[in-house]
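Comments concern the structure below.
The values are calculated or read from the model by the stated rules, or taken from the named source; none is laboratory data. Because the structure is a prediction, the values reported are computed rather than measured. Cβ placement follows ideal geometry from the backbone for every residue including glycine, while neighbour counts extend to all protein chains displayed.
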Amino acid sequence: MTTDAHSTGPETRRSSGWIRFAVALFVAFATLTLLVVTGWTQPLDDALNIIMEDGEVAWLVAVAELFHHVGAITIALPTAVVVTIAFAVLANRRTAVAWVAMVGGSQILSISIKAMVGRSRPMNTLVHESSAAFPSGHSMVSGAAMAIGAAILLAILWPGRYRLFLGLGVAYAVAMAWSRLYLRAHWLTDVAGGLILGTAVVLTVAWILTRRVTNVPE
């Protein structure tokens, strides 16, 4: 299966919108990072953390813990490999490479920025993580890169189902972000940063993929 049949018209305009949105998201992430580093966002983060703790319910904790395990590398990595193979076999090599770039690029950025910012996680967390808090790796990699990334790639392959794929991807990403907050594994700005940067990476890679397929000039 190839994307060539869907290479003009609305799909080209949609691709142009992706890169403009990606640039805006990169700027938003840089701004958010500056606010986090300077401590401006901490009052808001503290307030939401308290709300999550006060609203703790056993069955919701269980749901959040399920997302926690699904987004962990022990499950996320094998899933990423399986999806890579599926895209290569059922679609084409370019789509598989784009998927690897989305997930791998997000993972590398998450680890690197965590090390540079070095933000501490909430003290009242229900799960224990050894890495720094900002940005949320679960939100960025499992939520944005994997869920929204897969949705975008599927939408490129089957543009008629664009809204369905994107809706499912966004819903999963939001649920993953919620789980990180509910478990108090992250601050609000950690998950926001993860979703923003991960989505920016996804849209940038998707734009590059569609340009290579359609050969649209500058």
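Odds and ends about this structure:
- Filtered residue count, the range 194-209, keeping only those that are of a type in the set (S, T, N, Q) and buried (at least 24 other Cβ atoms within 10 Å of the Cβ): 1
- Residues satisfying the stated conditions in the range 105-131, i.e. part of a helix (DSSP H, G or I) and surrounded by fewer than 16 Cβ atoms within 10 Å (Cβ to Cβ): I108, I111, S112, A115, M116
- Residue count, the range 126-166 (criterion: over 23 Å from I108 (Cβ atoms) and among the charged types (D, E, K, R)): 2
- For the range 16-101, the helices (runs of 4 or more DSSP H) that sit wholly inside it and include 1 or more residues that are among the polar types (S, T, N, Q) and modelled with pLDDT of 95 or more are 42-54, 73-90.
- Test for M102: is it crowded, with 20+ Cβ neighbours inside 10 Å, closer than 21 Å to R184 by Cβ, of a type outside the set (G, A, S) and within 13 Å of the chain's Cα centre (by Cα): no
- Only one of the numbered conditions (1) within 14 Å of the chain's Cα centre (by Cα); (2) within 30 Å of W40 (Cβ to Cβ); (3) of a type outside the set (S, T, N, Q) is violated by V127, and that is (1).
- F134 aromatic (F, W, Y), crowded, with 16+ Cβ neighbours inside 10 Å and without any contact (Cβ under 8 Å) to a residue 24 or more places away in the chain: no
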